[in-house]
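For reference, the structure discussed in these notes is given below.
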Amino acid sequence: MTEDTAQARAPTVVIGAGLAGLFAALKLAPRPVTVIAPAPLGQAASSAWAQGGIAAALSEGDTAEAHAADTIAAGAGLVDAGIARMVADEAGARVSDLVHHGVPFDRDAAGAFVQSKEAAHSAKRVARVTGDRAGQAIMQTITAAVEASDTITVLEGYAADDLIVTDGRVSGIALEAVDDPTKRFTLTGVDTVILATGGIGGLYATTTNPRTAVGAGIAMAARAGALIGDAEFVQFHPTAIQSDADPAPLASEALRGEGATLINRDGRRFMAEIHTDAELAPRDVVARAVFTEAQSERGAYLDTRQSIGAAFAEHFPTVYGMCVDNGIDPVHEPIPVIPAEHYHMGGVVTDEDGRTRVPNLFAIGEVACTGLHGANRLASNSLLEAVVFAARAAQAIASDAQPHAHAELKPAEPAPTVGLETREIGQTTIRDIMQSDVGVVRDGDGLRDAVRALGELQEAAGPDRALANMALTARFIAESALRRKESRGGHFRSDYPKPDPALAARKTVTLAGLDLRTGTAARAALTVAANPERGT
């Protein structure tokens with residue numbers, strides 16, 4: 001049910017309409033839910049762009065224990081082992097949920113799932129749809145289920161930019177109209193909020209994510225009092241197709257799972273001499289290698305000519321179409337590739353049910369930091385994390401008493417003139433800063449420059465909350481990267497190129513602690529996430 005009138009609405013509110021948010025809304029039935037969606041359902045959600053699929057131990061001989069072990073190994077020492085095992089254990093049930101809704105996963109003649117092998121997995125365990133259309137198919141199916149639901153009200157065309165906190169609890173949400181940011185609204189009478197606002201790709205100049213994925217949920221949650229964890233760990237996909245497109249087209253990791261190799265302009269296969277798993281090494285390793293080649297005169301290319309060849313269009317239609325759109329014939333020539341921001345391992349710290357430390361505030365999906373990914377996400381664990389934590393959050397919320405109040409959308413004081421052109425310029429500046437100074441390879445000088453420039457941008461944003469949120473979230477990433485004086489997983493510093501065993505711990509920071517740099521105060525603000533109450 002889709003409505004945009006100011007009549008009574010459910011006080012359980014989901015902010016965001018990607019897979020995590022919509023799946024949670026469905027799981028909450030028969031409890032009524034309000035979903036805030038900036039764009040029409042199914043559009044502008046990163047989930048729809050996921051090509052690989054969803055990781056789950058579904059094949060004979062594979063186990064949840066092996067899946068959890070691979071997740072832990074990929075996370076470079078920072079994965080919460082209990083969370084990894086929990087998610088792997090629940091993977092099969094969540095895939096069954098998706099099948100029940102009608103997701104047409106690829107099957108063999110016997111009806112078994114056809115699964116791909118992706119980087120750092122010890123088995124073929126990625127359930128897919130038409131080779132590389134899993135995200136699109138899952139989102140189309142879930143969107144249809146939401147539209148058919150009589151318990152879900154969707155408010156389309158509104159973007160949340162702040163949480164209203166009363167007596168330490170979230171009681172409302174501040175919004176702007178997407179088509180006219182000067183039009184302000186508040187959603188009052190809110191009982192429970194689920195943040196499902198997605199990732200941060202729109203903060204980087206080169207990303208595989210929608211430009212609208214700017215990490216607003218992190219900024220909103222931090223102002224409400226939540227902990228932000230592991231913000232420095234940003235995953236760059238090694239094989240975005242080099243082009244002028246924004247976002248960058250993605251050449252799925254499943255191509256390398258089918259035997260595609262990475263070569264330079266001279267035809268030399270460079271990954272084989274860098275890691276024993278070659279092209280299927282952990283993503284951070286492959287991304288840095290591709291970055292090095294791409295920055296040199298040698299260039300980096302994904303060669304599918306021998307491994308896939310003439311079957312490319314049939315087996316990977318999405319990637320094939322992207323190649324053709326960019327003037328590349330992957331059957332007969334290598335695909336030029338570069339690393340692109342793809343996924344944020346950090347975010348709003350939650351427990352095993354998606355609860356933050358702010359009463360009645362949950363976070364699920366990419367905006368959350370659950371402990372599953374550590375310093376480096378295992379391929380295709382993102383869609384899995386979304387549905388597992390969506391289901392768990394819904395169950396936790398459903399166990400509470402049914403609210404009797406109704407949320408109400410009310411016009412608020414118009415915002416001072418917000419210039420969309422100014423916002424656009426501000427976002428472009430942030431993207432350039434993050435790309436150059438907080439990218440695949442970082443160093444102290446560049447990070448200090450980034451922290452200073454982003455702070456100035458946040459101040460200059462003035463009444464434009466959306467732009468201020470972008471700058472604040474970017475500050476969390478840059479400042480956390482500056483403080484972590486080592487290299488680990490998706491965080492690589494050329495001035496501290498090795499991991500430091502003493503720093504093998506998850507870290508959190510509060511908004512109050514963000515400005516602290518040195519000494520006792522900084523050490524108190526950055527804490528081990530296993531004891532989050534110390535992070536105040």
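Worth pointing out:
- Looking across the stretch 172-181, the residues that are modelled with pLDDT under 95 and either open to solvent by 40 Å² or more (accessible area, probe 1.4 Å) or within 22 Å of residue 368 (Cα to Cα) (or both) come down to 178, 179, 180.
- Condition met for residue 505 (open to solvent by less than 30 Å² (accessible area, probe 1.4 Å) and assigned to a loop (DSSP other than H, G, I, E, B)): yes
- Pick from the stretch 199-208, criterion in contact with a His (Cβ under 9 Å, 6 or more places away or on another chain) and assigned to a loop (DSSP other than H, G, I, E, B), ranking: farthest from residue 17 (Cα to Cα): 208
- Of all residues in the stretch 329-358, those satisfying the criterion of being assigned to a loop (DSSP other than H, G, I, E, B) and either small (Gly, Ala, Ser) or at pLDDT below 95 (or both) are 346, 354.
- Residue count for the stretch 308-318, restricted to those that are under 12 Å from residue 255 (Cβ atoms) and touching a helix residue (DSSP H, G or I) at 6+ places or on another chain (Cβ under 8 Å): 4
- Check on residue 162, touching a residue at least 24 places away in the same chain (Cβ under 8 Å), of a type in the set (Asp, Glu) and surrounded by fewer than 18 Cβ atoms within 10 Å (Cβ to Cβ): no
- Among all positions in the stretch 90-112, there is no residue which is part of a loop (DSSP other than H, G, I, E, B), under 23 Å from the mean Cα position of the chain (by Cα) and under 30 Å from residue 470 (Cβ atoms).
- Subset of the stretch 100-115 [open to solvent by less than 50 Å² (accessible area, probe 1.4 Å) and within 18 Å of residue 47 (Cβ to Cβ)]: 102, 103, 105
- Of all residues in the stretch 243-283, those satisfying the criterion of being open to solvent by less than 30 Å² (accessible area, probe 1.4 Å), in a loop (DSSP other than H, G, I, E, B) and among the hydrophobic types (A, V, I, L, M, F, W, C) are 248, 251, 260, 270, 281.
- In the stretch 284-299, the condition of being open to solvent by 10 Å² or more (accessible area, probe 1.4 Å) and touching a His at 6+ places or on another chain (Cβ under 7 Å) is met by at least one residue.
- Residue within the stretch 450-459 that is in a helix (DSSP H, G or I), aliphatic (A, V, I, L, M) and touching a residue at least 40 places away in the same chain (Cβ under 8 Å) present: no
- The numbered conditions (1) in contact with a helix residue (DSSP H, G or I) (Cβ under 9 Å, 6 or more places away or on another chain); (2) modelled with pLDDT under 95; (3) exposed (fewer than 14 other Cβ atoms within 10 Å of the Cβ) are all true for residue 460 except (3).
- Any hit, the stretch 229-242, residues being farther than 30 Å from residue 506 by Cβ, open to solvent by less than 10 Å² (accessible area, probe 1.4 Å) and more than 17 Å from the chain's Cα centre (by Cα): yes
- Residue 405 being under 30 Å from residue 28 (Cα atoms) and hydrophobic (A, V, I, L, M, F, W, C): yes
- Selection count where residues are more than 22 Å from residue 238 (Cα to Cα) and in contact with a Pro (Cβ under 9 Å, 6 or more places away or on another chain), scope the stretch 323-375: 3
- Residues located in the stretch 301-319, provided they are more than 13 Å from residue 333 (Cβ to Cβ) and assigned to a helix (DSSP H, G or I): 310, 311, 313, 314, 315, 317, 318, 319
The values are calculated or read from the model by the stated rules, or taken from the named source; none is laboratory data. All values reported here derive from a predicted model rather than from experimental measurement. FYI the Cβ positions are ideal-geometry reconstructions off the backbone, even for glycines, and counts take in every protein chain you see. Protein only, heavy atoms only, side chains kept; ligands, DNA and RNA dropped before computing areas. Shrake-Rupley method; radii C 1.70, N 1.55, O 1.52, S 1.80 Å.
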